[in-house]
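**Student:** There's a structure below that I have some questions on.
The values are calculated or read from the model by the stated rules, or taken from the named source; none is laboratory data. Because the structure is predicted, anything quoted here is derived from the model rather than measured. Don't worry about glycine lacking a Cβ; one is built from the backbone with ideal geometry, like all the others, and counts go over all protein chains shown. What goes into the accessible areas is simple: the full protein's heavy atoms, side chains included, and nothing from ligands, DNA or RNA. Shrake-Rupley method; radii C 1.70, N 1.55, O 1.52, S 1.80 Å.
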Amino acid sequence: MRELTLDRPSGSPLGQLLWVARDSWTVARRHLTHIRYMPEKLADVTIQPLIFVFMFAYIFGSAIVVPGGSYREFLMPGIFVQSMAFASMSIMVGIVNDMQTGVMDRFRSLPMSRASVLIGHTGANLIEGVLGLLVMAGAGLLVGWRPEMGVLQTLGGFGLLLLFAFAMNWIGAFIGLLLRSVEAAQGIGMVVMFPLTFVANTFVPTGGMPPWLRVIANWNPTSAVVTAARQLLGSGTAMNTSTAIWPLAHPELAAVLWCAVLIAAFLPLAVWRFRRAMAR
């Protein structure tokens, strides 16, 4: 199969940017079109978070006491963040599936931007994440959660969640490019995402954890993002922000920095791995 030798056409930078944007949207639209025929693909951003909301709110929440606030207010930002992290598993599975079924070989033979493949994958997943946030916000309202910090801060909180989702998407893309089967992607995804989201302040305060585990949880990027979301969405009363741990004392800045670090690290790694895969 013929392999393209150029990643972008000659011409003005604006023309090249439009070319990449057009091809990226075509790839993203391909993934989004699949949802019409396979709506179960949205289970990771709709059904699964709903299960976590009602399970933790009504089962575990009856036994968990959070000083200074309602557990359901404490819970919802954590569920938001967890859902954004878990959604990256769909990228792992999608990329591995495209590699297995020969779709990547088809892309390699077309006069399209190489960058558009990864951008399209991550962009489509981000759009699915927006839908997931809307579903979870509705579930939160049903269990008693309310955003209490005004429109701008609420929008800022959801914007931060989407930034975190974007960062996690590149982690998912990189891991997916390392794997060779859908089953491996699902298994490795769980191995990575469960510690990342549970060894944090996602569902319970870290104060009751053993000292060594508390240190790991407090410096977990997820804890900073969850704490920032709680403050921006009006659940900050449920957290002790007087901690000496810098990421939890300055959660909004720490969350943005963590997202920037993850993107700066994993975006180039994903591109490098993708180029190697496409060169085979």
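**Student:** Answer yes or no: is there a residue in the stretch 257-273 that is surrounded by fewer than 21 Cβ atoms within 10 Å (Cβ to Cβ) and of a type in the set (K, R).
**Tutor:** Yes - at least one qualifying residue is present in the stretch 257-273.
**Student:** Okay, moving on. Could you tell me which of the residues V226, V192, V215 is under 16 Å from the mean Cα position of the chain (by Cα), over 11 Å from M89 (Cα atoms), among the β-branched types (V, I, T) and assigned to a helix (DSSP H, G or I)?
**Tutor:** Values: V192 fails: over 11 Å from M89 (Cα atoms); V215 fails: under 16 Å from the mean Cα position of the chain (by Cα).
Result of the check over V226, V192, V215: V226.
**Student:** Taking the stretch 211-229 on its own, how many of its residues are open to solvent by 30 Å² or more (accessible area, probe 1.4 Å) and either of a type in the set (A, V, I, L, M) or within 17 Å of L253 (Cα to Cα) (or both)?
**Tutor:** First, pick out the residues of the stretch 211-229 that are open to solvent by 30 Å² or more (accessible area, probe 1.4 Å): 211-216, 219.
Remaining after also requiring either of a type in the set (A, V, I, L, M) or within 17 Å of L253 (Cα to Cα) (or both): 213, 215-216, 219.
Residues meeting the conditions: 4.
**Student:** Under the condition of being under 21 Å from M104 (Cβ atoms) and polar (S, T, N, Q), which residue from the stretch 173-210 is most open to solvent (accessible area, probe 1.4 Å)? Let's see the steps before the verdict.
**Tutor:** Just the residues of the stretch 173-210 that are under 21 Å from M104 (Cβ atoms), to begin with: 173-186, 188-189.
Still in the running and polar (S, T, N, Q): 181, 186.
Numbers: S181: 33, Q186: 95 Å².
Here the residue is Q186.
**Student:** In the stretch 97-122, what residues are charged (D, E, K, R) and either without any contact (Cβ under 8 Å) to a residue 60 or more places away in the chain or open to solvent by less than 20 Å² (accessible area, probe 1.4 Å) (or both)? So that I can check it myself, show each step before the final result.
**Tutor:** We begin by selecting, within the stretch 97-122, every residue charged (D, E, K, R); these are 98, 105-106, 108, 114.
D98, R106 - these are the residues of the stretch 97-122 that are charged (D, E, K, R) and either without any contact (Cβ under 8 Å) to a residue 60 or more places away in the chain or open to solvent by less than 20 Å² (accessible area, probe 1.4 Å) (or both).
**Student:** Follow-up question, since we're still on this one. Would you call F74 free of Cβ contacts under 8 Å to residues at least 40 places away in the same chain and either part of a helix (DSSP H, G or I) or of a type outside the set (D, E, K, R) (or both)? Talk me through it step by step, then tell me what you get.
**Tutor:** Working: free of Cβ contacts under 8 Å to residues at least 40 places away in the same chain: no; either part of a helix (DSSP H, G or I) or of a type outside the set (D, E, K, R) (or both): yes.
The answer is no for F74.
**Student:** Further, regarding this structure: Quick one: in the stretch 95-154, which of the residues that are in a helix (DSSP H, G or I), hydroxyl-bearing (S, T, Y) and modelled with pLDDT under 85 is nearest to A184 (Cα to Cα)?
**Tutor:** Taking the stretch 95-154 first, the residues in a helix (DSSP H, G or I) are 95-101, 103-109, 115-143, 151-154.
With hydroxyl-bearing (S, T, Y) added as a condition, the list becomes 101, 109, 116, 122, 154.
Within this subset, residues satisfying the condition of being modelled with pLDDT under 85 are 101, 109, 116.
Numbers: T101: 16, S109: 27, S116: 25 Å.
Taking the candidates together, the pick is T101.
**Student:** All but one of (1) in contact with a helix residue (DSSP H, G or I) (Cβ under 6 Å, 6 or more places away or on another chain); (2) free of Cβ contacts under 8 Å to residues at least 40 places away in the same chain; (3) open to solvent by 50 Å² or more (accessible area, probe 1.4 Å) hold for P39, so report the exception by its number.
**Tutor:** (1)
**Student:** Is it true that L232 is touching a residue at least 24 places away in the same chain (Cβ under 8 Å), out of contact with any Pro (no Cβ under 6 Å at 6 or more places or on another chain) and either surrounded by fewer than 18 Cβ atoms within 10 Å (Cβ to Cβ) or under 29 Å from G120 (Cβ atoms) (or both)?
**Tutor:** Values: touching a residue at least 24 places away in the same chain (Cβ under 8 Å): yes; out of contact with any Pro (no Cβ under 6 Å at 6 or more places or on another chain): yes; either surrounded by fewer than 18 Cβ atoms within 10 Å (Cβ to Cβ) or under 29 Å from G120 (Cβ atoms) (or both): no.
No.
**Student:** Sticking with this structure for a sec: Give the residues of the stretch 129-168 that are out of contact with any Lys or Arg (no Cβ under 7 Å at 6 or more places or on another chain) and small (G, A, S), sorted by residue number. Spell out how you get there, then give the answer.
**Tutor:** Pass one, the stretch 129-168, residues out of contact with any Lys or Arg (no Cβ under 7 Å at 6 or more places or on another chain): 129-142, 146-168.
The answer is G129, G132, A137, G138, A139, G140, G150, G156, G157, G159, A165, A167.
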